[in-house]
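The values are calculated or read from the model by the stated rules, or taken from the named source; none is laboratory data. In this text the structure is predicted, and so the values were computed from the model without any measurement. Note that each Cβ is placed from the backbone with ideal geometry, even for glycine, and that neighbours are counted across all protein chains shown. Protein only, heavy atoms only, side chains kept; ligands, DNA and RNA dropped before computing areas. Shrake-Rupley method; radii C 1.70, N 1.55, O 1.52, S 1.80 Å.
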Amino acid sequence: MGMRRGTKKVILFGGFLLALSFLLLYAFTPSSQPTQTPESPTTITGLNQPFAVALTPNGQFAYVTNGGSSLVSAINTASNTITASIPVGISPFGIAVTPDGKYVYVTNGGSASVSVISTTTNTVLTTIIVGIGPYGVVIAPNGEYAYVSNFGTCTVSVVSTALNMVVETIPVGNSPQGLAITPDGVYVYVSNFGGGTVSVIDTALNSVIATIPVEIGPIDIVTSSKDNNYVYVANSGSGSVSVIDPYTNTVIATATGLSQPSGIALTTDGSYAYVTNLSGDTVTVISTATNMVAATIPVGAGPYGIAITPNGNYAYVINYNSATVSVIETLAVNNTPLQQPLPRLQTSVPSPMPPYTAITPTTHFLLPNCAGCICFGVNATYHSAVFANDTWSFTNLRLTESQLLRSLQISAQNSNLTFLSYEKTQNSTFQSEQLTYTTKNNGTQILTLAIDSQVDLLILQTQWSVNTPECSLVEGKDWNSLDDETIIITNVNGCVNVKRVTFADFFGNGKAYANLPLYEKHTVAIALGIGLSIIVAIAVLAKIRTKTIDETVSRQKAKH
């Protein structure tokens with residue numbers, strides 16, 4: 001009997017610890033593979049953790065991101081079948097199609113990058129490095145820029161679609177996710193999931209001009225296709241939709257009673273807002289005239305992203321948990337204007353970016369007091385070039401087929417410098433920059449490269465190196481670095497590569513670390529906790545077993 005009681009205690013205690021371990025893992029680990037639901041005539045299958053959807057301007061194709069397979073599925077809307085599967089980066093999330101329908105921009109949350117897909121060939125043309133955890137993406141009406149929300153670094157990357165590179169990084173609120181742009185392209189609205197706010201970006205200034213408090217967990221956001229119309233925000237944490245007046249940048253109405261709203265889209269005339277309910281397996285249709293529920297439509301399990309066809313007849317709903325797409329017919333379009341046009345924000349008129357100046361290899365920038373000269377081996381552009389204190393200072397310098405160099409200060413004594421290229425690569429932990437030039441006459445070159453970090457991290461360490469095609473130059477002998485990022489290079493002739501690598505702080509002080517999800521911040525603590533629980537469990541089980549054996553032996557001795 002004693003053995004049975006001890007065994008029962010062991011089983012109960014072990015079961016409790018096992019349940020506790022599973023509870024900890026469930027609380028701090030992202031959801032696993034979704035379950036499947038039965039197919040229906042309006043359901044598209046063959047997806048893997050689908051997340052978001054975007055339609056081409058002609059409505060002929062819908063592109064869907066698959067987080068589980070790192071693929072983008074191209075769906076023919078005439079047959080509602082998958083016609084192509086395009087490999088992209090890790091954990092693709094957001095997706096947008098350019099206004100001309102030629103390209104698709106996909107945010108890769110696990111790769112800190114954006115993939116650019118050609119809709120003609122359904123292949124990736126290029127990959128752009130952005131911030132940590134890129135989530136949403138929206139493209140300007142004129143197609144010149146793509147705006148990417150970086151969840152992990154609390155920034156928005158501005159991508160030039162002509163160059164396919166980041167030209168600006170804008171700090172916004174905590175954990176940005178959804179993005180929406182006004183029809184005139186003047187403002188970008190950003191839903192900050194972790195801050196319960198919406199940031200308003202002036203696209204001419206590329207800076208936040210207003211921050212609007214909404215409700216808990218704003219996750220997706222949309223503006224009407226009509227100019228000066230309202231902005232709608234899906235608040236996942238509070239089960240509501242906030243309506244923002246763009247004239248005053250305040251919330252003027254709130255629709256409630258939703259079940260974890262996650263995606264939102266407006267009909268082409270702005271009459272209805274279609275909202276996916278992640279935990280309700282439905283789509284709620286809200287009349288924008290009354291901000292009241294007009295209909296509730298059952299779809300697949302875990303509906304997340306949503307997009308409406310350009311003709312306004314159908315909505316494509318992404319069902320994350322059932323790995324499907326539901327195609328639903330929208331309500332009849334109401335051609336009666338439901339909202340009066342709102343006047344444009346009466347703020348100060350933003351100053352346009354200064355014009356670029358073009359330079360060619362025949363352009364020379366002289367250093368008369370230093371017997372030096374600066375020129376470029378390729379065509380280039382810059383915003384400004386200022387000469388002072390025997391130093392040329394360039395801002396927003398871009399050499400042909402090179403990336404943007406925001407600031408470069410150059411002085412050269414008894415040297416003729418010819419700049420050839422500037423390259424920058426970046427991921428979630430480091431950034432590498434390399435400037436290549438040629439020099440003659442073995443003079444002295446003094447260069448100052450301004451740090452142009454696209455990830456808002458606290459720098460832990462900076463490493464410089466200087467080399468020629470033949471060898472690496474010796475610090476302290478051939479070159480020296482100063483605290484203000486100035487590099488002084490002496491007695492070098494020929495081609496020179498100046499390289500700087502900056503490492504980020506992920507050990508508790510960096511901003512990126514501070515904005516990671518809870519389970520990622522405390523992964524080590526969670527693992528240690530579970531490991532400690534297992535060790536304690538083993539020790540307790542061993543103690544119970546020893547005690548049980550001792551009791552059994554004592555009873556047997558007592559019998560004898």
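Structure summary
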{"quantity": "Built amide H within the under 5 Å cut-off of Val214, gap 5+", "calculated": "Thr197, Val198"}
{"quantity": "Sequence of Lys102, Lys440, Lys424 from largest to smallest accessible area, 1.4 Å probe", "calculated": "Lys440, Lys102, Lys424"}
{"quantity": "Additional length obtainable on full extension of the chain from Thr121 to Cys471, 0.36 nm per residue less Cα span", "calculated": "121.7 nm"}
{"quantity": "Accessible area in the full protein assembly, largest first, 1.4 Å probe, for Asp202, Asp281", "calculated": "Asp281, Asp202"}
{"quantity": "Paramagnetic reach from Ser279 (point 7 Å along Cα→Cβ, amide N under 19 Å) across segment 299-325", "calculated": "299-305, 319-322"}
{"quantity": "Burial ranking of peptide ranges 267-274, 113-120 (average Cβ count within 10 Å, highest at the top)", "calculated": "267-274, 113-120"}
{"quantity": "Model label zone, Gln60; criterion: amide N under 12 Å from point 7 Å along Cα-to-beta-carbon; scope segment 79-106", "calculated": "101-102"}
{"quantity": "Distance in nm between pseudo-label sites at Asn174 and Thr391 (7 Å out along the Cβ direction from Cα)", "calculated": "4.0 nm"}
{"quantity": "Solvent-accessible area of Cys373 with every protein chain in place, 1.4 Å probe, in Å² to the nearest 10", "calculated": "20 Å²"}
{"quantity": "Added length on full extension, which subtracts the Cα-Cα distance from 0.36 nm per residue, Leu163 to Asp184", "calculated": "5.3 nm"}
{"quantity": "Per-residue SASA entry for Met292, accessible area with 1.4 Å probe, Å² rounded to 10", "calculated": "120 Å²"}
{"quantity": "Residue-level accessible surface for Phe394, protein heavy atoms, 1.4 Å, Å²", "calculated": "0 Å²"}
{"quantity": "Sequence-distant residues sharing a close amide H with Gly109 (under 5 Å, placed H)", "calculated": "Phe93"}
{"quantity": "Spin-label pair Val293/Ser407, simplified geometry with 7 Å Cα→Cβ offset, distance in nm", "calculated": "5.4 nm"}
{"quantity": "Estimated inter-spin distance, Asn379 and Val501, nm [label 7 Å along Cα→Cβ]", "calculated": "3.5 nm"}
{"quantity": "Three-way shape call for segment 252-317 based on the alpha-carbon gyration tensor, with the a/c threshold at 1.5", "calculated": "oblate"}
{"quantity": "Cross-link pairs beyond the 25 Å C-alpha cut-off, checked among Lys102/Lys499; Lys440/Lys477; Lys424/Lys477", "calculated": "Lys102/Lys499; Lys424/Lys477"}
{"quantity": "FRET efficiency, Thr268 to Gln463 (Cβ-Cβ, R0 45 Å, nearest 0.05)", "calculated": "0.25"}
{"quantity": "Solvent-accessible heavy-atom area per residue, rounded to whole Å², over segment 102-162 at 1.4 Å", "calculated": "29 Å²"}
{"quantity": "For segment 155-195 and segment 364-388, distance of Cα centres in Å", "calculated": "34 Å"}
{"quantity": "Extended-chain gain in nm, criterion 0.36 nm per residue less alpha-carbon gap, Leu482 and Leu541", "calculated": "15.1 nm"}
